[in-house]
Amino acid sequence: MPASSADREQPVVIETLGPTAQGFSFALEKYQGRLQLRALHRPDYGPIYADWLSREMRDRTLAGRNQLLARAIGLKKKQNLEVLDCTGGLGRDGFILAALGAEVLMTERQPFIFELLHDAHQRALTSASSMASAQRLEVRLCDAIDVIHLRRWDAIYLDPMFGNKGRTALPQKEMQVLQDLAEGPEDAAHLLQTSISSGASRVVVKRSLTAQYLNGLKPTLEFRGTKTRFDVYLNT
């Protein structure tokens, strides 16, 4: 049986990066209508990409504002909160917050990761099922420190990529690729202190269940799940 056009399609390299100081190399590719990132120094890894239209994301949205993330941010009591997502990753949590009614600014300082987020955002804007959610979200290429003081945020959200010593398993492959691309930890402790001093109503830090408090700072509230907890610092 002849191969279909989809089977014959090959990724098209848009841009490459590396080798970096640590010997890492990456390729940003276009494939089947989306952008994806391939870690060339990890040939056994498949490409990673941001996908906000998956069944998993629909299920998380349907779980509503009673889920831990929404409760930690404060969405259970009020929908139209202004939220700054300082550590977007692949954008899943930020998009869920927008889908549950928040106005979200998601920042990313690494250009390749930003391109993945921008691509996911554009695809969400053209999907009838996710358009309204995507319109409540902005993705910006910048350092979060540069926008923390733009306004008095209802909530600032941090999900540090590094320093989460409580992990019970190795990072997922996509997390490993993101860590390789970042080439060193962000200053999460400084980001936490800056967020708290900004006057935001609350600052929320996502941690693994057994991880120490970020910067040793005990939160006002904790929302604990089976593997993850959300440490909430309230400004009263």
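Here the Karplus relation 6.51 cos²θ - 1.76 cosθ + 1.60, evaluated at θ = phi - 60°, turns the backbone of region 207-221 into coupling constants of 9, 5, 4, 9, 6, 5, 4, 4, 6, x, 8, 6, x, 6, 9 Hz, with x for every Gly and Pro.
Each peptide in 129-135, 58-64 receives the mean, over its residues, of other Cβ atoms within 10 Å, and ordering these scores from highest gives 129-135, 58-64. Kindly express, to the nearest 10 degrees and within the range 0 to 90, the angle between helix 111-125's C-alpha long axis and the longest C-alpha principal axis of the chain. It works out to around 90 degrees.
Share of carbon and sulfur in the accessible area of the chain stands at 50%, probe radius 1.4 Å.
Tell me the angle of helix 173-182 to the major Cα principal axis of the chain, expressed in degrees between 0 and 90 and rounded to the nearest ten. That works out to roughly 80 degrees. Rounded to the nearest 20 debye, the dipole magnitude of the chain is 1060 debye, with +1 charges on Lys and Arg beta carbons, -1 on Asp and Glu beta carbons, and the Cα centre as origin.
Per residue, the chain exposes 51 Å² of accessible surface when a 1.4 Å probe is rolled over the protein heavy atoms with every protein chain present.
Close amide H pairs (under 5 Å, H built 1.01 Å from N) link Ile14 with Leu28, Glu29, Lys30, residues at least 5 positions away or on another chain. Mean separation of Cα pairs under 8 Å and 6 or more residues apart, divided by the residue count, gives region 81-170 a relative contact order of 39 percent. Shown in residue order for region 95-101 are the 3J(HN,Hα) couplings computed by the Karplus curve 6.51 cos²θ - 1.76 cosθ + 1.60 at θ = phi - 60°: 5, 4, 4, 5, 5, 8, x Hz (x for Gly and Pro).
The values are calculated or read from the model by the stated rules, or taken from the named source; none is laboratory data. Treat the numbers as computed from the prediction; the structure is a model and nothing was measured. For neighbour counting, all protein chains shown are included, and Cβ atoms are generated from backbone atoms with ideal geometry for every residue, glycine included. Surface areas here come from the heavy atoms of the whole protein model, side chains and all, with no ligands, DNA or RNA. Shrake-Rupley method; radii C 1.70, N 1.55, O 1.52, S 1.80 Å.
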